[in-house]
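K.L.:
Please find one structure pasted underneath; my questions will follow.
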Amino acid sequence: MSLSILATKKLPFCPACGHRVVTQNLSKAVAELGLDPLDVVVVSDIGCCSLVDSLLSCHTVHGLHGRAVALAMGVRYGLGTKNKVIAVQGDGGATIGLQHLLEAARRNVDITLIVQNNLVYGMTGGQLSGLSPRGFKDNPASVEEGVQPYDICELAHKAGATFAARAFVGGDTPELWKEALDTKGFCLIEIVEMCTAHGVKKLKELKDTVEYGETVLRNDKPSLVVEPRATDSLFDVLEPVKPLFEAAIKEPVGVILAGSAGEGVQSAGGLLATAGMMAGLNTTRKGEYPISVGSGFSVAEVILSPQPIEYTRIEQPHTVIAVSEHGINHVSARIGDDTNLLVDDTLLEMLGSRSCESAPFRKKAGAKSAALAAVAHWMRSSGMLPVDALIESVRGHRYEEQLRKAIGSI
Ligand code: SF4
Ligand SMILES: [Mg+2]
């Protein structure tokens, strides 16, 4: 029995948008080929056509604009020869990711790329792409003599794709879809279609506007044979942390550690998470800091839990540990009335009457070790985790001596 990969009939596209028909035709073709949805991976990026990933019952990967082909190549390299890998892009995404497209074509990687070419960046309001025809919407390329839209099929074909075909929406026959999906190697199917909101509204108008015609181009170059990488899984390489201690934690505890970039906040968060594992807990650690990693705030969120952790964000922190002004400013909105607050004593003045615990972490341990000193202090004062677990977690660290000093500084 063939199953549809389309999980819903309610498609989110504007009325008469070409993406509706293309999505339905893709689903029909997958069903007619008898593919199990669980053997299909659809990779999309940004744009209206990439809304499909929430509509499909197969595996989906959603990436950055223009990166669908690069991601699909990664999926193919990871899976080896198994499964059907399909990438979906608009004309905007295909233009942005043209280099990826050409690389996939010249290696003839076994993926099928569907380029839904509606002549514009539809999602962002109808800007022109590299596939927009001359003379369309006063395309500035038109005034530069000889500047033509990319012929994406011709480019893919010349680069080495097994199959490249262009059809107008409605002319994308089941045979064309079948060949695009059932041929080994890099296969590109470009469907020229309408963006009724920002581009062309009718099929006739579309055909009059577009200067390139339907085409089918084939190469008989063999598909690249990709075997899954023979590297070890991280789980095989990493030594599991042995629980040597006991924690007094019965429910998940979320600790937010807030300080300044470059002052060891992420390391201290990592060591707290490791100490938690050494005490037999499940732990997660998430880092947050500005793109300029050497200035501004640095925040580490650590969850310590006897139960499996299924969601890694801390909604309501049990404890906030803040060791610098940058840190406390960044997390102040997350400090609730019930949150335990432990701060460096230089922050007391700005906290006013808010009750908290404090100690001179920066003065005693130094700015770069204040976060770790505060973590050690919290472990001792809360009694939730033995500080010996933290000492054990720095064993063999290249800065073991300094870290031990920080742990014992207060
Ligand atoms: S904006 Fe254009 S591409 Fe996007 S859903 Fe509407 S008609 Fe389709
Ligand atoms: Mg588009």
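Rule-based calculations on the coordinates, nothing more; no lab input. Nothing here was measured: the structure is a model prediction, and the numbers come from that model. Virtual Cβ from ideal backbone geometry, glycine too; neighbours counted across all protein chains shown.
K.L.:
Any idea what the relative contact order of the chain is, in percent, if you count C-alpha pairs under 8 Å spaced at least 6 apart?
P.N.:
It comes to 12 percent, rounded to a whole number.
K.L.:
Considering only Thr196, Thr162, Thr339, give the residue with the highest GNM mean-square fluctuation for the chain, with springs between Cα atoms whenever their separation is below 10 Å.
P.N.:
Comparing Thr196, Thr162, Thr339 in the GNM, the peak value goes to Thr339.
K.L.:
Oh, and also: For the chain, find the longest principal axis of its Cα atoms and tell me its angle to the long axis of helix 18-32, 0 to 90°, nearest 10.
P.N.:
Around 90 degrees separate the two axes.
K.L.:
What does the charge count near Ala167 come to, summing +1 for each Lys or Arg and -1 for each Asp or Glu among other residues with Cβ under 12 Å from its Cβ?
P.N.:
-4
K.L.:
Could you please rank Thr346, Thr112, placing first whichever residue has the fewest other Cβ atoms within 10 Å of its Cβ?
P.N.:
Arranged by neighbour count, lowest to highest, Thr346, Thr112 become Thr346, Thr112.
K.L.:
Related question: For segment 1-40, which trypsin sites (Lys or Arg not before Pro) are both in a DSSP coil and crowded by at most 16 other Cβ atoms within 10 Å?
P.N.:
Sites meeting the loop and neighbour criteria: Lys9, Lys10.
K.L.:
Taking other Cβ within 10 Å of each residue's Cβ, how do Thr319, Thr209 sort, fewest first?
P.N.:
So the ranking, lowest neighbour count to highest, is Thr209, Thr319.
K.L.:
Output wanted: per-residue J couplings in Hz (rounded whole) for segment 358-370, from phi through Karplus 6.51 cos²θ - 1.76 cosθ + 1.60, θ = phi - 60°, x for Gly and Pro.
P.N.:
Karplus-based 3J(HN,Hα) across segment 358-370 equals 8, 7, x, 4, 5, 5, 7, 9, x, 4, 6, 10, 4 Hz.
K.L.:
Another one. For an R0 of 35 angstrom, estimate the FRET efficiency from the Cβ-Cβ distance between Thr173 and Arg106 and round to the nearest 0.05.
P.N.:
The pair Thr173/Arg106 has a calculated efficiency of 0.80.
K.L.:
Sticking with this structure for a sec: What value, in deg cm²/dmol to 500, does the helix sum -39500 (n - 2.57) over DSSP H runs of n ≥ 4 give at 222 nm once divided by the residues of the chain?
P.N.:
-8500 deg cm²/dmol
K.L.:
What is the gain in length, in nm to one decimal, between Arg380 and Asn282 on full extension, counting 0.36 nm per residue of separation less the C-alpha to C-alpha distance?
P.N.:
33.3 nm
K.L.:
Another question about this same structure. Among the lysines, which have Cα under 18 Å from the Cα of Lys221 when same-chain residues fewer than 8 positions away are ignored?
P.N.:
Lys158, Lys184
K.L.:
So how much slack lies between Glu32 and Gln99, counting 0.36 nm per residue of separation and subtracting their Cα-Cα distance, in nm?
P.N.:
Residue separation times 0.36 nm, minus the Cα-Cα distance, leaves 20.9 nm.
K.L.:
Which loop trypsin sites (Lys or Arg not before Pro) in segment 240-339, with loop taken from DSSP, have no more than 11 other Cβ atoms within 10 angstrom of their Cβ?
P.N.:
Taking segment 240-339 and a limit of 11 other Cβ atoms within 10 Å, the loop trypsin sites (Lys or Arg not before Pro) found are Lys250, Arg313.
K.L.:
While we're on this one: Would you list which aspartates and glutamates come within 19 Å of Lys201, measuring only between C-alpha atoms, while excluding same-chain residues fewer than 8 positions from it?
P.N.:
Asp91, Asp138, Asp172, Glu190, Glu193, Glu211
K.L.:
Just Met278, Met350, Met73 to compare: in a GNM of the chain, with alpha carbon springs under 10 Å, which one fluctuates most?
P.N.:
Maximum fluctuation in the GNM of the chain, among the listed residues, is at Met350.
K.L.:
At 7 Å along the Cα-to-beta-carbon direction for both Lys184 and Ser54, put a label point, then send me their distance in nm to one decimal.
P.N.:
3.9 nm
K.L.:
For segment 82-114, run through the trypsin sites (Lys or Arg not before Pro) and keep only the ones in DSSP coil with at most 12 other Cβ atoms within 10 Å of their Cβ.
P.N.:
Of the trypsin sites (Lys or Arg not before Pro), the ones in loops of segment 82-114 whose Cβ has at most 12 other Cβ atoms within 10 Å are Lys82.
K.L.:
Of the candidates Ala16, Ala365, Ala72, which one comes out as most mobile in a Gaussian network treatment of the chain with C-alpha springs shorter than 10 Å?
P.N.:
Between Ala16, Ala365, Ala72, it is Ala365 that shows the largest mean-square fluctuation.
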